[in-house]
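Engineer: Mind having a look at this structure? Questions to follow.
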Amino acid sequence: MTHQEFIDTLVPLITKYCKQYNFPFVSPILAQAILESNWGTSYKAVAGLNFFGLKYTTAQRVPSASGLFLDGGSEQKTDGTYVPLSSKTAWCKFTSYDNGVHGYFEFLTNGGGRYDNLKLAVSPKDYLEKIKAANYATSLDYVVNLMKVINTNNLTQYDKYTIDNNIKKKNIMDNINIFKHTNTHNLTA
């Protein structure tokens, strides 16, 4: 699969779940899938359609997962060094691209409120800063690396649905007659 084919496969799925879960941007999530799965070629992506490095916690956290598989990996410590994960670390396994993307949104939504502020992000970079602050990833350069992926591949072009929704919201607000709505409740006359 080429890089563009990977993008073309994931964009409609990410867009669908952004709309369903009310997440504001496609581009940072797409960048995460690209970086975390090395364009869908990493062992986790190939073995389990796990594009986002989702560790398995419980079936309730990620209901779209079909189970788990074991693999290693590493995490970066605050001093910049890496520590290897056990080869028995459990990762979410998915049966389809759709489930692999859906699992990301379930993981965030069922995270006990830890990721709720992502829905309030005002830009792709703000989204990434918020997810990094919530300890989604341990890489010290997570935001910088993802912004490089976004900029190098012009991924913000896939945020069109968000831009369209913001324009619709503005148009709705512009058409509300504030005087009409507040005048009927003015009891001081």
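Engineer: With a 1.4 Å probe and every protein chain kept in, tell me what percent of the accessible surface of segment 1-116 is carbon plus sulfur.
Structural biologist: Details: 2780 of 5290 Å².
Heavy-atom surface of segment 1-116 belonging to carbon and sulfur, 1.4 Å probe: 53 percent.
Engineer: Which entries of Lys19/Lys132; Lys88/Lys119; Lys93/Lys130; Lys119/Lys148 show an alpha-carbon separation above 30 angstrom in the structure shown? Don't jump to the answer; show the numbers that get you there.
Structural biologist: Numbers: Lys19/Lys132 22 Å; Lys88/Lys119 33 Å; Lys93/Lys130 26 Å; Lys119/Lys148 22 Å.
Pairs exceeding 30 Å: Lys88/Lys119.
Engineer: Further question on the same structure: Among Ser37, Gly113, Leu13, which residue has its Cα furthest toward the positive end of the charge dipole of segment 1-157, with +1 on Lys/Arg Cβ and -1 on Asp/Glu Cβ?
Structural biologist: Gly113
Engineer: Now a separate question. Aspartates and glutamates near Lys44 by alpha-carbon distance under 16 Å, same-chain residues fewer than 8 away left out - which ones?
Structural biologist: Qualifying aspartates and glutamates at Cα under 16 Å: Glu36, Asp71, Glu75, Asp98.
Engineer: While we're here: Evaluate E = 1/(1 + (r/R0)^6) for Glu75 and Thr2, where r is the Cβ-Cβ distance and R0 equals 22 Å; express this FRET efficiency to the nearest 0.05. Intermediate results must be reported in sequence, preceding the final value.
Structural biologist: Working: r = 30 Å, r/R0 = 1.38.
Rounded to the nearest 0.05, the efficiency is 0.15.
Engineer: Then there is this: How much of Glu75 can a 1.4 Å solvent probe reach, expressed as accessible area in Å² and rounded to 10?
Structural biologist: Its accessible surface works out to 60 Å², give or take rounding.
Engineer: Evaluate the distance, in nm, between pseudo-label points positioned 7 Å from the Cα of Lys55 and of Thr41 along their respective Cα→Cβ axes.
Structural biologist: For the pair Lys55/Thr41, the computed spacing is 2.7 nm.
Engineer: Related question: Rounded to the nearest 10 Å², what accessible area does Val122 show when all protein chains are kept and the probe is 1.4 Å?
Structural biologist: Rounded to the nearest 10, the figure is 120 Å².
Engineer: Stretched out fully, how many nm does the piece from Ser66 to Ser86 gain, at 0.36 nm a residue minus the Cα gap?
Structural biologist: Numbers: separation 20, 0.36 × 20 = 7.20 nm, distance 2.16 nm.
Computed gain between Ser66 and Ser86 is 5.0 nm.
Engineer: Still on this structure: All other residues with a Cβ under 11 Å from the Cβ of Val26 taken together, and with Lys, Arg as +1 and Asp, Glu as -1, what is their net charge? Before the final figure, lay out each step's value.
Structural biologist: Numbers: positive: Lys16, Lys19, Lys160; negative: Asp159.
With Lys, Arg at +1 and Asp, Glu at -1, the net is +2.
Engineer: Is the C-alpha gyration tensor of segment 14-75 telling us rounded, prolate or oblate? Criteria: a/c under 1.5 is rounded; beyond that, a/b larger than b/c is prolate, otherwise oblate.
Structural biologist: Details: a/c = 2.16, a/b = 1.27, b/c = 1.70.
Because a/c hits 1.5 or more and a/b fails to exceed b/c, segment 14-75 counts as oblate.
Engineer: Quick check on segment 1-145: take the gyration tensor over C-alpha atoms, sort the square-rooted eigenvalues as a ≥ b ≥ c, and tell me if it's rounded (a/c under 1.5), prolate or oblate. Intermediate values should be presented prior to the final figure.
Structural biologist: Details: a/c = 1.26, a/b = 1.07, b/c = 1.18.
Because its axes are fairly even, with a/c under 1.5, segment 1-145 counts as rounded.
The values are calculated or read from the model by the stated rules, or taken from the named source; none is laboratory data. Bear in mind the structure is a predicted one, so any value in this text is a computation, not a measurement. Reconstructed Cβ throughout: ideal geometry from the backbone, glycine too, with neighbour counts over all protein chains shown. Side chains are part of the model used for accessible areas, which takes the heavy atoms of the whole protein and leaves out ligands, DNA and RNA. Shrake-Rupley method; radii C 1.70, N 1.55, O 1.52, S 1.80 Å.
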